[in-house]
Amino acid sequence: MQVVWADYKHSTPVSQGFKSLANVYLTMAKVYYGERRVSAMYDSKRFLFLLVLPFFAFIPVADGTHKTRPNVLFIAVDDLRVELGCYGNTPAITPHIDRLAKRGTLFLRAYCQQALCNPSRASLMTGRRPDTLRVWDLKTHFRDTHPDVVSLPQHFKNNGYHTQNIGKVFHNWRTVIKGDLASWSVPAVMHYATHGSDTPQVKSEMPPNLVKTTRCECRDVADEAYFDGRIAELAIKALGELKEEQFFLAVGFWKPHLPFNAPKRYWDMYDRQKLALPKNPEPPKDVPPIALHNGRELLGTKGLELTSDEVLELRHGYYAAISYLDAQIGKVLSELNRLGLAENTIVVFWSDHGFHLGEHGLWCKTSNFELDARVPMIISIPNAKSPGSKTESLVELLDLYPTLVDFCGLPKATDLEGVSLRGVLDDPETSVKQAAFTQHPRPAYYNNKPEVMGCSVRTDRFRYTEWRDFKSGKVVARELYDHQSDPRETRNIAASPPDQDGLKQAKELLTKTFIRRRSP
């Protein structure tokens with residue numbers, strides 16, 4: 001083994017033969033490790049080669065990463081419930097995400113840890129539950145409570161990956177800390193703004209708005225008039241720049257979050273007369289009032305009354321936003337394929353939580369019901385053992401952190417509360433956990449501290465929820481829904497459970513994860 005220093009800009013006593021050999025190895029390095037990384041070391045005047053004979057293996061000591069590790073394309077979306085063509089039983093038109101599902105694994109029962117942007121994203125990106133982080137609202141950044149926690153992209157950055165953020169990945173507003181600087185190799189872009197500021201940007205005269213319902217907008221503008229069209233453009237550009245790198249590229253789309261303002265062409269994909277009103281527009285029978293909320297994100301604090309026509313227009317706008325989102329994701333995935341990167345890139349697609357469109361008399365999120373807690377999730381692994389598979393395994397968003405660490409061969413991160421989904425990705429019939437857990441406080445948007453915390457567990461058959469006084473831990477209300485006979489959760493049967501053993505198991509699982517204790 002011999003160490004050879006090669007200086008390409010200044011004369012040194014290195015022999016001409018070694019200079020020629022070093023030039024060959026420099027070319028190999030650019031192919032193997034990426035031109036940007038090698039050029040940075042080249043510009044520093046000296047490049048360290050470790051020459052291993054007789055195999056002539058090339059290993060730059062300055063960088064110990066290995067190109068054979070897969071890249072990661074990490075696609076986040078906002079407020080998307082399980083409404084995609086690949087899931088079936090939906091009017092949503094999503095051909096591009098459907099194609100991703102055909103080459104990956106579609107998770108039929110994936111759940112967020114809280115149906116609100118900031119705590120859900122903080123939980124996923126740190127691999128810790130909201131209770132562990134003490135983050136349940138929109139204002140508390142996870143580094144306010146856990147300043148030294150290592151986030152998912154930060155762990156990749158610490159282990160040699162180039163990490164980059166385009167769009168909304170961490171929470172987008174209200175927190176004093178804007179995003180998370182420690183997570184990224186370069187500054188994040190288009191990640192911090194209000195959803196209300198996503199107004200159409202056009203160079204000519206503004207086309208008219210063709211719809212009337214609150215928080216809806218239908219204008220004949222280009223995709224790039226709104227955030228997500230421009231995010232797709234930036235993601236495509238980034239892929240071209242990173243094609244020789246080992247990367248973790250997080251692309252966060254802002255839709256289908258309110259306002260429902262997709263360009264007109266996506267509204268035109270749907271015939272409103274064929275869209276249906278909610279099938280269960282009333283609150284569940286015997287539901288405790290604390291399980292509900294006022295939907296103020298859409299309806300305001302005074303509770304706007306909506307007509308049937310307005311409900312249909314809102315639902316139309318939501319589906320249009322989904323198709324607009326799908327088209328932008330399609331552009332990014334097409335570029336990944338065009339560049340030949342798909343064969344060595346893990347693609348992850350996830351939504352931060354679900355959404356209500358009038359079901360249960362609710363709009364938006366902030367509940368523990370299935371429509372808010374369940375999320376779409378797809379993981380596509382290069383050379384997957386079961387491409388195009390679907391799994392009924394119960395999983396949680398916080399499982400993504402250990403899963404990606406596992407598949408990319410990184411050192412295990414400490415104190416994660418999720419589990420690797422390798423077993424499920426290898427065999428879709430495998431189960432890796434007995435239950436998934438979601439929670440939400442009351443008031444839904446509280447000041448200072450919650451008054452009550454709703455803790456919910458989803459087992460194979462049941463959803464069981466306890467509403468606990470935040471200070472004392474005393475249970476003030478309970479819910480139980482039997483998904484075997486009542487998948488829409490229309491009747492709370494906590495007072496008359498059909499399966500005492502199933503209820504007992506759900507209670508035990510809930511108590512183990514949400515320990516009842518007095519709040520400080």
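Just a yes or no: is a residue in region 226-243 surrounded by 16 or more Cβ atoms within 10 Å (Cβ to Cβ), more than 27 Å from D198 (Cβ to Cβ) and among the basic types (K, R)? Within region 226-243, one or more residues are surrounded by 16 or more Cβ atoms within 10 Å (Cβ to Cβ), more than 27 Å from D198 (Cβ to Cβ) and among the basic types (K, R). Taking region 85-99 as the range and being surrounded by fewer than 24 Cβ atoms within 10 Å (Cβ to Cβ) and within 19 Å of the chain's Cα centre (by Cα) as the test, the residues that pass are G85, C86, Y87, H96, D98, R99. Residues considered: A494, A444. Of these, the only one that is surrounded by 15 or more Cβ atoms within 10 Å (Cβ to Cβ), part of a loop (DSSP other than H, G, I, E, B) and touching a strand residue (DSSP E or B) at 6+ places or on another chain (Cβ under 8 Å) is A494. Residues that are under 16 Å from R374 (Cα atoms) and either out of contact with any Asp or Glu (no Cβ under 9 Å at 6 or more places or on another chain) or free of Cβ contacts under 8 Å to residues at least 24 places away in the same chain (or both) within region 115-135 comprise just one, P119.
A single entry from S386, S420 fulfils the requirement of being over 22 Å from T513 (Cα atoms), among the hydroxyl-bearing types (S, T, Y) and crowded, with 16+ Cβ neighbours inside 10 Å: S386.
To keep it simple, each residue is scored yes or no on (1) in contact with a Phe, Trp or Tyr (Cβ under 7 Å, 6 or more places away or on another chain); (2) of a type in the set (G, A, S); (3) surrounded by fewer than 22 Cβ atoms within 10 Å (Cβ to Cβ).
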{"site": "L397", "(1), (2), (3)": "yes, no, no"}
{"site": "F407", "(1), (2), (3)": "no, no, yes"}
{"site": "V424", "(1), (2), (3)": "no, no, no"}
{"site": "D460", "(1), (2), (3)": "no, no, yes"}
{"site": "R463", "(1), (2), (3)": "yes, no, no"}
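The set of residues in region 134-161 that are surrounded by fewer than 24 Cβ atoms within 10 Å (Cβ to Cβ) and among the hydrophobic types (A, V, I, L, M, F, W, C) comprises W136, L138, V149, V150.
Of all residues in region 479-492, none are more than 18 Å from F369 (Cβ to Cβ), out of contact with any helix residue (DSSP H, G or I) (no Cβ under 7 Å at 6 or more places or on another chain) and not assigned by TED's automatic domain parsing to the domain that holds S393. Tallying residues that are in contact with a Pro (Cβ under 7 Å, 6 or more places away or on another chain) and among the hydrophobic types (A, V, I, L, M, F, W, C) within region 171-188 yields 1. Residues that are among the small types (G, A, S) and surrounded by 21 or more Cβ atoms within 10 Å (Cβ to Cβ) within region 328-357 comprise S351, G354, listed in sequence order. Residues that are part of a loop (DSSP other than H, G, I, E, B) and charged (D, E, K, R) within region 180-235 comprise D180, D198, K203, E205, K212, R215, E217, R219, D220, listed in sequence order. Of all residues assigned to region 505-516, none qualifies as being of a type in the set (S, T, N, Q), touching a Pro at 6+ places or on another chain (Cβ under 9 Å) and at pLDDT 95 or above.
The values are calculated or read from the model by the stated rules, or taken from the named source; none is laboratory data. Just so it is clear, the model here is predicted, and its values are computed rather than measured. Ideal geometry is used to build each Cβ from the backbone, glycine not excepted, and the neighbour counts take in all protein chains shown.
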